[in-house]
Structures are given as C-alpha cells and as structure tokens.
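Single-structure report; data block below.
The values are calculated or read from the model by the stated rules, or taken from the named source; none is laboratory data. It should be emphasised that the depicted structure is a prediction, and the values quoted were computed from it without experimental measurement. Every residue, glycine as well, gets a Cβ built from its backbone with ideal geometry; the counts of neighbours run over all protein chains shown. The area values use the complete protein model at the heavy-atom level, side chains included, leaving out ligands, DNA and RNA. Shrake-Rupley method; radii C 1.70, N 1.55, O 1.52, S 1.80 Å.
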Amino acid sequence: MHLIGARIPLFQRDAIVKRVDGDILVQMLAPFVHKGDDGGVKFVLNGKHGSSLRDHTPKASASYGRGGLRRIYRGDQRGHMQQFTGFLTDRGSKYAVSGGPVASREEVKAFLKTLTRDKRFAKASHNTWAAIIPEDGPSKGDDGEAGAGLVILRMLEREGLQGHIIVVTRWFGGTKLGGDRFRRVQDCVDHYIAHADLAAHGLSTKAK
C-alpha cells in the first residue's frame, strides 16, 4: 500500500505519513496540548524525528543518532521554537539545537528566556547562539563557549538565513573536546537546517 502523503487516524487525531531523507515519519496534524510554566501554550507535534549525520572527524568519538523534535509555541503565537535533542554526543558531552523566528534583539532575548525556562537548558553548560536580524544586523552570544557564536553566525551567513535564531546547547561531559567543539557546533547547525521546518516561516536557504 502506498502511504506517503496519506492521512491516517492516530491516537484519535489525524496524522500524515511523510518521507524525510529516506525515513518514513508519521506527523501529528492535531497536536497534544499542555500548558507551559509561563502559561503559554506548548505543543509537542512529533514524537521522533531526525536522521544520522556524517562524522566529519573520524578521530573523534562523536555519536550521532535519531533525535526528538519539539515545536514549542510561544505565548504570543507569533512563531514557534523547533528543538532537536538526543541526536549527538561526543566524549560524554550531549548536544541539542533550537531555533525560531526573531525580528529584533528584544525577540532574541525573549527566545532565550523561553528556552531557559526549561530547567534542563537553564542548567546547560552553554547555550551558544546567533541570528541575523534584518533591521539590526548580526548578533551572537558564546555563553562561555568562546568562538562558538561566530561559528553559528558564519553558517547563517553562508545559508543566507535571516530573521531566525539558532541556539546550540551543550551539556559538558567531563572531557574537553579541543577544536572538535567547533565541529560539533557545525554539526548541530547542519542538523537544524536540514530538518527544521523553515518554509513554515517563509524562509529558505541558499541552493547548494
């Protein structure tokens, strides 16, 4: 039976079958809803999403796997945060990547505040970020991971992605990664660009 593109019932809600990078995914069309700590509405749309990434540094012991995707709608409903977790570890350090639309430095601050309302992210070793804001220009923050914000910014410039923030989160695992820490940041941004729903915000990246 050909199911790609078909709508099917799942947990008494509609879902659609999709193919993403060779993976067959079932996406909920009517999400589960629960209230966030700040009173804003949060939706968990997908259970599992993501695909394997290629390790560009064979000498490193980085591990790539399938990660979870969360879409968290902010209270103002202007846009949503897309968040990938559980897809990358390296010598004990765990990574996540989050992103969403921003139109000003104030919205960047609001995005980071929303992110760190989650205690896991508030307690992370680093929440490194960058954004190219159409009216204000480039903005970045290392959060203790010196040079990492610039890595994200350069990748945003390369992709021509404006009005969108990307945050790479790291939970330090006890072993310093040296220069490989920048490669892991690159891997996280690559993962986000490859799997985030940028079209939903009228965004796209440059053709490769």
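Spot the failing condition for K206; the list is (1) open to solvent by 70 Å² or more (accessible area, probe 1.4 Å); (2) at pLDDT 95 or above; (3) among the charged types (D, E, K, R), and only one is missed.
Of everything listed in (1) open to solvent by 70 Å² or more (accessible area, probe 1.4 Å); (2) at pLDDT 95 or above; (3) among the charged types (D, E, K, R), K206 misses just condition (2).
Residues in region 165-199 that are without any contact (Cβ under 8 Å) to a residue 60 or more places away in the chain, open to solvent by less than 40 Å² (accessible area, probe 1.4 Å) and under 16 Å from G100 (Cβ atoms): how many?
Count: 2.
What number of residues within region 133-164 are in a strand (DSSP E or B) and open to solvent by 10 Å² or more (accessible area, probe 1.4 Å)?
5
Going by the structure shown, is I152 in contact (Cβ under 8 Å) with a residue 60 or more places away in the chain, farther than 15 Å from T85 by Cα and in contact with a Phe, Trp or Tyr (Cβ under 9 Å, 6 or more places away or on another chain)? I'd like the intermediate steps shown before the answer.
On the way: in contact (Cβ under 8 Å) with a residue 60 or more places away in the chain: no; farther than 15 Å from T85 by Cα: yes; in contact with a Phe, Trp or Tyr (Cβ under 9 Å, 6 or more places away or on another chain): yes.
No.
With the requirement that a residue be in a strand (DSSP E or B), touching a Ser or Thr at 6+ places or on another chain (Cβ under 6 Å) and farther than 19 Å from F182 by Cβ, what does region 97-132 give you?
none
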